[in-house]
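Below you'll find the structure, written out as structure tokens, and then a few comments.
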Amino acid sequence: MLPHQFFKMLSDETRVRCLLLIARHGEVCVCQLTDSLGEGQPKISRHLAQLRQSGVVVDERRGQWVYYHIAPDLPGWARKIINGLGDSQCLLTEYQQDDAKLRSQLQESVCAPSSK
């Protein structure tokens, strides 16, 4: 992936919000993202597919649930940018509701328990 492709992929707020939650929490199920972001499953799945096709995230099916996490073979420069986004306090403030909703989802175990 080239930098211009990476930054173009990040130009959509829904993809950035998904990526932030995945980066902060390690792995996230599609149903957790739909609930946390307050968006429909088709929209979230479409954006996750774009993240997956670009090589930024990988998915893992466990029964009826699909979990996403940051791709382990992501170039170092892209990983640094994602880590920086995940560590950003101003973005945490901007998207604090997303993070709070996901934390609540994780405590309630809406999806099947994630086991690697």
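The values are calculated or read from the model by the stated rules, or taken from the named source; none is laboratory data. All values derive from a computational prediction rather than experimental measurement. Using ideal geometry, Cβ is built from the backbone for each residue, glycine included, and neighbour counts are taken over all protein chains shown.
Numbers for the structure displayed
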read-out: Cβ pairs under 9 Å, 6+ apart, first in region 53-66 and without any contact (Cβ under 8 Å) to a residue 60 or more places away in the chain and within 23 Å of ASN83 (Cβ to Cβ), second acidic (Asp, Glu) and surrounded by fewer than 14 Cβ atoms within 10 Å (Cβ to Cβ); value: GLY55/ASP73; VAL58/ASP73
read-out: Test: residue in region 85-102 that is part of a helix (DSSP H, G or I), in contact with a strand residue (DSSP E or B) (Cβ under 7 Å, 6 or more places away or on another chain) and basic (Lys, Arg); value: no
read-out: In region 47-74, the residues that are exposed (fewer than 14 other Cβ atoms within 10 Å of the Cβ) and either closer than 14 Å to MET9 by Cβ or of a type outside the set (Asp, Glu) (or both); value: ALA49, GLN53, ARG61, GLY63, GLN64, PRO72
read-out: Qualifying residue in region 105-116 (condition: modelled with pLDDT under 85, of a type in the set (S, T, N, Q), part of a helix (DSSP H, G or I) and in contact with an Asp or Glu (Cβ under 7 Å, 6 or more places away or on another chain)); value: yes
read-out: Qualifying strands (runs of 3 or more DSSP E) (wholly inside region 1-79; at least 3 residues being more than 22 Å from CYS90 (Cβ to Cβ) and modelled with pLDDT under 95); value: 57-62, 65-70
read-out: Scan of region 1-29 for residues that are surrounded by 19 or more Cβ atoms within 10 Å (Cβ to Cβ), among the hydrophobic types (A, V, I, L, M, F, W, C) and without any contact (Cβ under 8 Å) to a residue 60 or more places away in the chain, ordered by number; value: MET9, CYS18, ILE22
read-out: Residue ID - surrounded by the fewest Cβ atoms within 10 Å (Cβ to Cβ), chosen from residues in region 75-91 that are in contact (Cβ under 8 Å) with a residue 40 or more places away in the chain and of a type outside the set (Phe, Trp, Tyr); value: ASN83
